[in-house]
Amino acid sequence: MDVLKLLDEIEDIIEGSSTIPFAGKALVDKGDILEIIKEIRIKLPDEIKQAEWIKEERQRILAEAQNEADTMVKEVKIHIEEMVEQDEITKLAYERAEEIVSKAQNNAKEIRIGAREYADGLLKETEVKLKNIIDTLEKNRQELNNF
């Protein structure tokens, strides 16, 4: 992740800078820090776009799972209607239809749950990374403002 590398650069600049004895302060090249912050501002929208893509992908997966479940249910209903027409196997048809509907609903539920968990995991990971970036930026700004 480019933003994290840039934050590492800021950290390296601060750690490698001259210190003011007994003050706990560091002398840094303002231009270097500002240039890196500028690069972070340029790259940060890409990270946000990635998070938006993950959200859209999650919605697409959920919609796809719902469509698949709907199609399965329609197929099961058609199959049930065909079997009901045959008097000899009406009882078996009802049992089989219920079994198919139940499997279709369980499959759709598992697909939806899996898609949600996957998307939530990706969003959580992105959220944590963005929070770390923001925390680091706030810390660095505070340190710069303390001069």
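The values are calculated or read from the model by the stated rules, or taken from the named source; none is laboratory data. As the structure is a computational prediction, the values presented were derived from the model and not from experiment. Using ideal geometry, Cβ is built from the backbone for each residue, glycine included, and neighbour counts are taken over all protein chains shown.
Being in contact (Cβ under 8 Å) with a residue 40 or more places away in the chain and within 26 Å of the chain's Cα centre (by Cα) is a property that Asp46 has. Taken together, the residues in segment 6-34 that are loosely packed, with under 13 Cβ neighbours inside 10 Å and of a type in the set (D, E, K, R) amount to 5. Residues of segment 106-126 that are surrounded by 14 or more Cβ atoms within 10 Å (Cβ to Cβ) and more than 14 Å from Val3 (Cβ to Cβ): Asn107, Ala108, Ile111, Arg112, Ala115, Arg116, Tyr118, Ala119, Leu122, Leu123.
Annotation note: of Lys103, Lys129, the sole residue that is surrounded by 14 or more Cβ atoms within 10 Å (Cβ to Cβ) and not polar (S, T, N, Q) is Lys129. Residues in segment 75-87: is at least one outside any helix (DSSP H, G or I) and either under 30 Å from Lys5 (Cα atoms) or among the charged types (D, E, K, R) (or both)? Yes, the conditions are met somewhere in segment 75-87. Considering the conditions (1) closer than 30 Å to Asp8 by Cβ; (2) modelled with pLDDT under 85, Leu122 is excluded by exactly one of them, (2).
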